[in-house]
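Working notes for the structure below.
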Amino acid sequence: MKYVKNILSQSALLAVSIFMVATTSLAAEPWAWKATLDGAGSGQAIVMPTALYIDAERQRYYVIDSGNNRLLSYSQEGNFLLAFAAEGKLQIPYDMVRDNADVIWVVEKGRNSLTSINIKAKEILTHIIKDGSRTLVLDRIDYKDSIFYILDKETGQIALLNSDLTVKSWISCAECTSGIVDFKLVNDGIWALDLLDKKVVQFDHDGKLIKNFDVGQTLEFPVSLAIGPAGNIYVLDRHAPAIAVFDTEGSFKYTFLAKGWGRGELYFPIEILFDPWGGLCVVEEGNGRVEVFGR
Amino acid sequence: MLNYYRIFVISWLAIAFPIAAAADTVCFQCHKKEAFSGKVVHQPLAKGQCGACHNPHVAHFKGLLEAEGSALCFSCHAKEENAFKQGMVHQPVRSGQCLACHVPHSSSRSGLLKEQLSATCFGCHDKLPQKFQYTHSPYAQGQCYSCHRPHQSVFGELLKDEPDKVCLSCHKSQDLQKGHLNYPGTLRNCLSCHNPHGSSRKGIVRDILHAPFAQGCKECHDKGEIQGSTQSCLRCHEKVATGMLARHSHLTGKGENKCVACHSPHAGNEKNLLKGSQLQVCRSCHNDTIARYENKLYRHPKAKEGTCINCHEVHGSNRIAMLRADGNAICTRCHETQGKFTHPVGEKVVDVRTGQMVTCVTCHLPMGSDFKYELIYSGSKDLCIQCHKRY
């Protein structure tokens, strides 16, 4: 019996060791280029893409081709599917989401509108969002549990909108003197980024500040952030350009990627986000493409 | 035999006498010692340690120096090397030109300054008037250090502290209250109305007044909920409001009113009521960009002189880097010949690396580059083979 126990314990030790070696080597693997979402398939280069929306359910990427006033869809493998220009009505689309009712909501900078596109009903409607008498200046958008989360560029705060587009509440960061420039919704709340203060901020679902940390020692012009599968915070520096990685407590881990025009290089990147398949997507306004990196 | 004797004597002298004595006896045999004397003498020189900076036999740098520029200074002033990298760094410090302000051997002024403090400052800051109709007393007395730090600062304009705190370090709060009767709100943000150097107006109020400010405070400070917000500016400046509805806008910055990040709502030194020179205003947020290109070998003249608005649309733009026009049109406004006769550019010419339109900025980086004509890579080969790989 003792002999069996010994074998079992040794086997367990061996298995743990193998697992640890495997995970360590996995963690150490560098980010590598996986796919590029560009305009080649549509017959027209993407001009100044500003955002990427990922529909996990449909396994689709949607690139906001802001310079050509259209939305492009791609398969999970990065193959071009469709270009949609909303009858030529879009004016500087900037970001988008799709709601539970299958309606696409596009932030249009040109009209400062949250424009709804109901493809089934062939209906395109513009919506100017107000809070009292003040018109919000719309920027980034996300959607969860029938609530629109929309960044008001003027105040640097996130407005929570009901389905009828009335302002339900605000998430603001008293610590951020220059306001929020990007945010991401995650299971445990909201992560946001303050550009000029070079600060990453975490809120709970009610908008209560949980913590913040400074990224100014590492980054020069942080414009976007994303939360990795392991919980690390990835912050995009537009001017470097590069991506810096921090753990949840704000300890700097490493940076990767650099300026360039070739594959796997960045030029005026504007947004980063993780897809549900572990890929890190970088929207490059300067190179007119979205690059997907994997490990 | 004679040579062996010489070597023996020199070796014995080297052991017997300290370096100081060596400098005294050797260097000053040729170099006149009086030329190195003064009220303040650089420590190594005072100790006769000429070899701390100079190599007596051979060196790579002029003056038989062991290193060049600030690298030489930081070989002793190691603490400063790190400290002088923090925050906003004075241009000569950033470019390692310690001798722009200091002399290496001796001076009649503390800190081994080249000239009197104000003369040293005005040596570069030659656009600043030396005198105003009403001149702020420290400025008139050439006491630049009263408000500014010479090497670096975490505050804009190399100020010693936050602007209001600098003012309050001399001006007592109660005196200020007396001078600002009926002031609507808490007395703060002195530089919004006052030019800290001087002005043609009494009380060193800046020369150009914002029209509503000239009519009194109530125009903006008596309007209920919108007082002080961005909207309170944009309701008059409609064109700016429209311009901000762009892909990229400067509707950002610290505080509730984004306009006052760059403009003074009350008074300014020029018609746009900017809070400083263009370069100063832009640097307050874009210090990284300015610092990155400031010391490049080749810079576009407009970038060099700091007139950012020549190429950038400061309120809002639909183009990358908030340019005023696309990467061709922006350049051919001035470079007319290149607009007609150049490497093919324009909508029909595609950058093979990205599929994007080839423009002037595909090859040039006007902000600054280490390659001639502000090229992104060396024009002899590296640049061309980016796209023309077969060549």
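The values are calculated or read from the model by the stated rules, or taken from the named source; none is laboratory data. These figures come from a predicted structure and were not determined experimentally. Please note: Cβ atoms are built from the backbone with ideal geometry, for glycine as well, and neighbour counts cover all protein chains shown. For accessibility, only protein heavy atoms count, side chains too; no ligands or nucleic acids. Shrake-Rupley method; radii C 1.70, N 1.55, O 1.52, S 1.80 Å.
Observations on the model:
- Residue in region A:150-160 that is farthest from the other protein chains (Cβ to nearest Cβ), counting only those that are open to solvent by less than 20 Å² (accessible area, probe 1.4 Å) and either part of a loop (DSSP other than H, G, I, E, B) or more than 14 Å from A:Ser113 (Cα to Cα) (or both): A:Leu160
- Residue within region B:136-156 that is closer than 18 Å to B:Leu274 by Cα and surrounded by 14 or more Cβ atoms within 10 Å (Cβ to Cβ) present: yes
- Boolean, B:Cys233 is in contact with a helix residue (DSSP H, G or I) (Cβ under 9 Å, 6 or more places away or on another chain), buried (at least 19 other Cβ atoms within 10 Å of the Cβ), assigned to a helix (DSSP H, G or I) and within 14 Å of chain A (Cβ to nearest Cβ): yes
- Of the numbered criteria (1) touching an Asp or Glu at 6+ places or on another chain (Cβ under 8 Å); (2) part of a strand (DSSP E or B); (3) within 20 Å of A:Gly78 (Cβ to Cβ), the one A:Ala192 fails is (3).
- For region B:242-267, the set of residues classified as more than 14 Å from every other protein chain (Cβ to nearest Cβ) and either at positive phi or open to solvent by 40 Å² or more (accessible area, probe 1.4 Å) (or both) consists of B:His263, B:Pro265, listed by residue number.
- If the condition is being part of a strand (DSSP E or B) and either buried (at least 20 other Cβ atoms within 10 Å of the Cβ) or out of contact with any strand residue (DSSP E or B) (no Cβ under 6 Å at 6 or more places or on another chain) (or both), then region B:324-356 contributes B:Gly346, B:Lys348, B:Val350.
- Meets criteria (surrounded by fewer than 18 Cβ atoms within 10 Å (Cβ to Cβ) and not β-branched (Val, Ile, Thr)) for B:Lys239: yes
Rundown of residues vs (1) open to solvent by less than 10 Å² (accessible area, probe 1.4 Å); (2) in contact with a Ser or Thr (Cβ under 8 Å, 6 or more places away or on another chain); (3) modelled with pLDDT of 95 or more, yes/no style:
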| position | (1), (2), (3) |
| --- | --- |
| A:Lys168 | no, no, yes |
| A:Thr177 | no, no, no |
| A:Leu185 | no, no, yes |
| A:Asp197 | no, yes, no |
| A:Asp206 | no, no, no |
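- Residues in region A:64-99 that are part of a helix (DSSP H, G or I) and either closer than 20 Å to A:Ala45 by Cβ or in contact with a Lys or Arg (Cβ under 7 Å, 6 or more places away or on another chain) (or both): A:Ser66, A:Gly67, A:Asn68, A:Ala86, A:Gly88.
- Failed item in (1) open to solvent by 50 Å² or more (accessible area, probe 1.4 Å); (2) within 14 Å of chain A (Cβ to nearest Cβ), with B:Glu270 passing the rest: (2)
- Within region A:105-121, residues that are more than 19 Å from A:Asp131 (Cβ to Cβ) and β-branched (Val, Ile, Thr) sit with their Cβ atoms under 8 Å from residues that are part of a loop (DSSP other than H, G, I, E, B) and open to solvent by less than 10 Å² (accessible area, probe 1.4 Å), at 6+ positions apart or across chains, in these pairs: A:Val106/A:Leu90.
- Close pairs from region A:257-282: first among the small types (Gly, Ala, Ser), partner in a loop (DSSP other than H, G, I, E, B), Cβ under 8 Å, at least 6 apart: A:Ala258/A:Ala240; A:Ala258/A:Pro241; A:Ala258/A:Glu265; A:Gly260/A:Tyr267; A:Gly262/B:Arg353; A:Gly264/A:Leu257; A:Gly278/A:Pro229; A:Gly278/A:Arg295
- All positions within region A:122-143 that are in a strand (DSSP E or B), without any contact (Cβ under 8 Å) to a residue 40 or more places away in the chain and within 14 Å of another protein chain (Cβ to nearest Cβ): A:Lys130, A:Asp131, A:Arg134, A:Thr135
- Annotation for region B:170-180: no member residue is in contact with a Cys (Cβ under 7 Å, 6 or more places away or on another chain), in contact (Cβ under 8 Å) with a residue 24 or more places away in the chain and away from chain A (no Cβ under 13 Å).
- Hits in region B:188-230 (condition: part of a helix (DSSP H, G or I), among the hydrophobic types (A, V, I, L, M, F, W, C) and at pLDDT 85 or above): B:Cys190, B:Leu191, B:Ile204, B:Ala211, B:Phe213, B:Ala214
- Residues in region A:252-295 that are outside any strand (DSSP E or B) and either within 11 Å of chain B (Cβ to nearest Cβ) or within 25 Å of B:Ser317 (Cα to Cα) (or both): A:Gly260, A:Trp261, A:Gly262, A:Arg263, A:Glu265, A:Tyr267, A:Phe268, A:Glu285, A:Gly286, A:Asn287, A:Gly288.
- Scanning region B:309-327 for residues that are within 13 Å of chain A (Cβ to nearest Cβ) and farther than 19 Å from B:Thr362 by Cα returns B:His315, B:Gly316, B:Ser317.
- Subset of region A:161-184 (residues that are within 14 Å of chain B (Cβ to nearest Cβ), outside any loop (DSSP other than H, G, I, E, B) and β-branched (Val, Ile, Thr)): A:Ile180, A:Val181
- Within region B:110-172, helices (runs of 4 or more DSSP H) holding 3 or more residues that are more than 19 Å from the chain's Cα centre (by Cα): B:137-140, B:163-168
- Qualifying residue in region B:252-273 (condition: touching a residue at least 40 places away in the same chain (Cβ under 8 Å), part of a loop (DSSP other than H, G, I, E, B) and under 21 Å from A:Leu196 (Cα atoms)): yes
- Test: A:Leu114 is buried (at least 16 other Cβ atoms within 10 Å of the Cβ) and part of a loop (DSSP other than H, G, I, E, B): no
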